[in-house]
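Have a look at the structure below before the remarks.
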Amino acid sequence: MPASYAYLGPEGTFTEVALRTLPEAATRELIPYVSVQSALDAVRLGEAEAAFVPIENSVEGGITTTLDELVAGAPLMIYREVLLSITFALLVRPGTKLSDIKTVSAHPAAQPQVRNWLKKHLPDAHWESAASNADAARLVQEGQYDAAFAGEFAAARYGLEALETGIHDAENAQTRFVLVGRPARPAAPTGADKTSVVLWQRDDHPGGLRDLLGEFATRGINLMLLQSRPTGAGIGNYCFCIDAEGHISDRRVAEALMGLKRICLQVRYLGSYPRAGLEPGDVQPPRLGTSDDEFVAAADWVARCQDGRF
């Protein structure tokens with residue numbers, strides 16, 4: 001397997017900045033790809049050891065392109081996550097004034113994060129989506145658009161200047177990125193972990209979603225992401241992308257997954273991995289009755305009852 005990481009490029013994306021915060025990135029060749037799909041396909045095809053892509057932002061929620069790629073195709077697994085605070089700069093060719101800007105470009109996920117600023121300062125500018133924010137900067141360099149919303153750090157890379165900086169509609173906006181590889185044994189639990197799955201219902205019935213969520217709720221498992229995605233099988237057919245607190249080696253998580261496997265048409269396990277920015281001491285202890293010791297004690301009691309030793 002090549003000692004390389006694929007990432008959403010070109011050079012100068014927020015994805016690249018987040019990737020370089022991983023210590024192991026210093027020992028890998030970092031290869032930019034033109035899209036999330038192509039970066040993940042590089043892993044599937046054995047061209048890269050892992051891919052690093054955005055999956056969620058705190059303004060708009062899940063990045064649908066990434067979620068859909070993880071839902072479909074050959075299985076992949078999440079091994080790490082990184083949180084990066086996001087502010088944008090308005091990058092233009094040197095000499096461009098605000099009044100000169102008629103077209104702006106950025107990744108679609110950036111639009112909800114700058115919508116109000118754009119409405120206030122450039123109400124008549126036409127928005128054009130790009131494969132990434134850095135690619136939008138490249139297109140401005142080539143003269144296709146007048147301005148791009150991207151990281152200020154991308155200006156020098158593309159011969160542009162930052163006309164405005166610190167642009168964001170929401171304070172403390174963050175984007176979550178994940179390191180994705182081929183399926184393998186999950187890393188050992190850290191005590192501050194997250195487990196990601198995709199669920200497909202067997203049939204559409206009243207309370208169907210409640211049944212799925214009940215497998216987590218009855219075991220005291222907190223959910224951090226719940227997003228429906230169309231399956232492509234027609235209007236009203238959805239699967240559910242879920243991030244849950246805990247690790248698959250935790251008894252409560254393992255039992256929840258077994259319960260889901262029994263009642264779902266399909267369950268796709270996307271990995272158990274450390275939660276970014278948290279230490280084990282930061283995590284609340286399991287609710288009463290849901291710790292590993294309590295699951296073991298309950299199983300032992302059932303075994304004794306079966307043996308007539310109660």
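The values are calculated or read from the model by the stated rules, or taken from the named source; none is laboratory data. Predicted model, so just to flag it, every value in this text is computed and none were measured. FYI the Cβ positions are ideal-geometry reconstructions off the backbone, even for glycines, and counts take in every protein chain you see. Accessible surface is based on the protein model in full, side chains and every heavy atom, while ligands, DNA and RNA are left aside. Shrake-Rupley method; radii C 1.70, N 1.55, O 1.52, S 1.80 Å.
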**Study point:** Value at 222 nm in deg cm²/dmol, rounded to 500, when DSSP H runs of n ≥ 4 in the chain each add -39,500 (n - 2.57)
**Key:** -8000 deg cm²/dmol
Practice item. Filter the chymotrypsin sites (Phe, Trp or Tyr not before Pro) in segment 148-252 to those in DSSP coil with at most 15 other Cβ atoms within 10 Å of their Cβ, and list the result. Key: Phe153
Review point. So what is the relative contact order of segment 206-310, in percent, for Cα pairs below 8 Å that sit 6 or more residues apart?
Key: 23 percent
Check your understanding: What angle, in degrees between 0 and 90 and rounded to the nearest 10, separates the Cα long axis of helix 251-263 from the longest principal axis of the Cα atoms of the chain?
Key -> 90 degrees
**Study point:** Mean separation of Cα contacts under 8 Å, 6 or more apart, over the residue count of the chain: relative contact order %
**Key:** 20 percent
Review point. How much area per residue is accessible in segment 36-87 when the probe is 1.4 Å and only protein heavy atoms are counted (Å²)?
Key: 36 Å²
Practice item. Could you name the lysines whose alpha carbon sits less than 21 Å from that of Lys119, not counting residues in the same chain fewer than 8 places away? Key: Lys97, Lys102
Practice item. Counting residues in the chain as N, plug N into 2.2 N^0.38 Å and put the Cα Rg over that result. Key: 1.15
Revision key, fill the gap. Stretched fully, the stretch from His126 through Asp307 gains (0.36 nm per residue minus C-alpha distance, one decimal, in nm) 57.7 nm
Point to revise | Electrostatic dipole magnitude of the chain [Cβ: Lys, Arg +1; Asp, Glu -1; Cα centre; debye, to 20] | key: 480 debye
Revision key, fill the gap. The farthest towards the positive end of the charge dipole of segment 176-227, of the residues Phe216, Thr195, Pro183, given +1 on Cβ of Lys and Arg and -1 on Cβ of Asp and Glu, is Pro183
Review point. Along the Cα-to-Cβ line of Ala74, 7 Å from the Cα, sits a label point; which residues in segment 1-44 have backbone N less than 18 Å from it?
Key: 1-7, 36-44
Check your understanding: Ranked from highest to lowest mean number of other Cβ atoms within 10 Å per residue, what is the order of the peptides 162-168, 184-190, 9-15?
Key -> 9-15, 162-168, 184-190
**Study point:** Ratio of the Cα radius of gyration of segment 113-249 to 2.2 N^0.38 Å, where N counts its residues
**Key:** 1.48
Study note, to complete from the structure: Expressed in angstrom and rounded, the centroid-to-centroid distance over alpha carbons for segment 259-282 and segment 79-154 is 34 Å
Exercise for review: Only Lys, Arg, Asp and Glu count, each charged at its Cβ (+1, +1, -1, -1), so figure out the dipole size of segment 26-99 about its Cα centre, rounded to 20 debye.
Suggested key: 400 debye
Practice item. Take Leu278, project a point 7 Å from its Cα along the Cβ direction, then tell me which residues of segment 222-259 have their backbone nitrogen under 13 Å from it. Key: 222-225, 243-248
Revision key, fill the gap. Burial-style ranking of 301-308, 16-23, average other-beta-carbon count within 10 Å with highest first, yields 16-23, 301-308
Practice item. Could you point to the residue in Val36, Ala276, Gln306 farthest towards the positive end of the chain's charge dipole, with +1 and -1 charges on the Cβ of Lys/Arg and Asp/Glu respectively? Key: Gln306
